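The values are calculated or read from the model by the stated rules, or taken from the named source; none is laboratory data. Note that this is a predicted model, so its numbers are computed, not measured. Cβ sites come from the backbone with ideal geometry, for glycine too, and all protein chains shown count toward neighbours. Ligands, DNA and RNA are excluded from the accessible area calculation, which covers all protein heavy atoms including side chains. Shrake-Rupley method; radii C 1.70, N 1.55, O 1.52, S 1.80 Å.
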Amino acid sequence: TSKIRIGIAGYGNLGRGVQSAIAKNPDMELVGVYTRRDPGTLDLAQPAPRFAMDELEQHAGGIDVLILCGGSRSDLPEQGPKFAALFNTVDSFDTHARIPEYFQSVDAPAKAAGKTALISVGWDPGMFSINRVFGEALLPDGQTYTFWGRGLSQGHSDAIRRVPGVAAGVQYTIPSQEAIDRVRAGQRPSLSTREKHQRECFVVLEDGADAQAVREAIVGMEHYFDQYDTTVEFIDEQTLAAEHSNMPHGGFVIRSGNTSDEQKQVIEYSLALGSNPEFTSSVLVAYARAAYRMNQSGITGAQTVYDVAPGLLSPKSPAQLRAELL
Ligand code: NDP
């Protein structure tokens, strides 16, 4: 059988991660990396054919699934609907509040073209969403808890870097061990924002900046930090580069419920990720296989992780799965 031909649209952290994930899936091949920048200037992790994004239209017949690796804020709202009219697509749109609207915008062009568009794939949204659905459906009398971290938050790191006097910085979200222990014990506590997570910042100051003023500006920042216990540690540029250039993340989805007055049940799914983008990319690639198969079986339009049967993610056949994993 021939390999599933994958295209990558956008070469940032996810684009790079998708390239390495394809190398671990022998039933797939990378046929092109597409970028809005000059393709010749891309610093590819491994050699691959590279093209201008504008060339995608001419390559429509040569790509089975296009993995959209653009940012959720401004790239995907434009690229999602546009490419769903030409390709089967998979993306990681993660602006939770706008997912219904994004779904609609991708669904119409995909349906009209007979293509399948899997949206909001990754870990949150993505694998965490699936586990929230399992928890609610299996334990209707219960409560769902999501804890994030220990992880680098891109949004909060950006917010720190905008504070006057800050040259560079990163922010880690830390789940509270005490809160997790209470949830795991089946106590079903109500937890305030402050009780669930702490925030830890590592900051490089600009020359002559007032450390105390910077600390106060960070800790008191509305929405981002004011509802949390936040620590700020000042470090030098070398330490930042040596100890804080990875993008770890992860977390826990826990459902705690009762099946009777006497019996408590706790379900837990956890991720400890060395690299958030590499793991997200690995998920995108498995879902590309599913998108290809769904399209072949006539399922078109926008779909989410809730619509994808687990067996479709596996390179194994249904018969093989029944024999080996059931
Ligand atoms: P990046 O900022 O690294 O890349 C986004 C786009 O920016 C790329 O597709 C690329 O497009 C362009 N770009 C990348 N590097 C450069 C550069 N040096 N100069 C100019 N342009 C550049 O984002 P990520 O790959 O880290 O993340 C993409 C999205 O994935 C995020 O917005 C987030 O919403 C989502 N995500 C979802 C997760 C989930 O669990 N669902 C988890 C993690 C992320 P081009 O090549 O066309 O220039």
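Give me the lysines in straight-line cross-link reach of K264: C-alpha distance below 26 Å, same-chain residues under 8 apart excluded.
Reachable lysines: K196.
Please report how far the C-alpha centroid of the stretch 55-118 lies from that of the stretch 213-227, rounded to the nearest whole angstrom.
Each part reduced to its Cα centre gives a spacing of 37 Å.
Please compute the contact order of the stretch 53-203 in relative form: average sequence separation of alpha-carbon pairs under 8 Å and at least six residues apart, divided by the residue count, as a percent. Intermediate results must be reported in sequence, preceding the final value.
Details: 193 pairs, mean separation 22.8, N = 151.
That works out to 15 percent.
Hey, got the Cα dimensions of the stretch 53-126 along the principal axes, in Å, largest first?
Each principal axis gives a Cα extent; for the stretch 53-126 these are 34, 22, 19 Å.
Taking only complete DSSP H runs, can you tell me which helices of the chain stretch 20 Å or more along their own long axis by Cα positions and average at least -0.5 on the Kyte-Doolittle scale?
Helices meeting the span and hydropathy rule in the chain are 99-113, 276-296.
Among the lysines, which fall within straight-line cross-link reach of K316, defined as a Cα-Cα distance under 18 Å, with same-chain neighbours fewer than 8 residues apart omitted?
K3, K24
Quick one: Cα centre-to-centre distance for the stretch 120-197 and the stretch 258-326, in angstrom?
One Cα centre to the other: 21 Å.
Go through 272-280, 240-248 and give me the packing order, highest mean Cβ count within 10 Å leading.
Details: 272-280: 19.0, 240-248: 13.9.
Result, highest mean Cβ count within 10 Å first: 272-280, 240-248.
Could you give the accessible area per residue of the stretch 1-139, probe 1.4 Å, as a whole number in Å²?
45 Å²
Å³ per residue of the Cα convex hull, for the chain?
Here the figure is 162 Å³ per residue.
What distance in nm separates the simple spin-label points at R161 and R98, each placed 7 Å from Cα in the Cβ direction?
2.0 nm
Which of the lysines could be linked to K82 by a straight reach, that is with a Cα gap under 23 Å, when you skip same-chain ones fewer than 8 residues away?
Correct list for K82: K111, K115.
Going by accessible area, probe 1.4 Å, with all protein chains left in place, what is the ranking of I180, I267, largest first?
Largest accessible area first, the list is I267, I180.
Compare the peptides 150-162, 309-321 by average per-residue count of other Cβ atoms within 10 angstrom and give them in order, highest first.
150-162, 309-321
Kindly provide the helix-only [θ] at 222 nm of the chain, computed as the sum of -39,500 (n - 2.57) over DSSP H runs of four or more divided by all residues, to the nearest 500 deg cm²/dmol?
-10000 deg cm²/dmol
Could you calculate the FRET efficiency of T231 with A272 from 1/(1 + (r/R0)^6), where r is the beta carbon distance between them and R0 is 30 Å, rounded to 0.05? If you can, show how the numbers build up before the last one.
Values: r = 22 Å, r/R0 = 0.72.
Plugging the Cβ-Cβ distance into 1/(1 + (r/R0)^6) gives 0.90.
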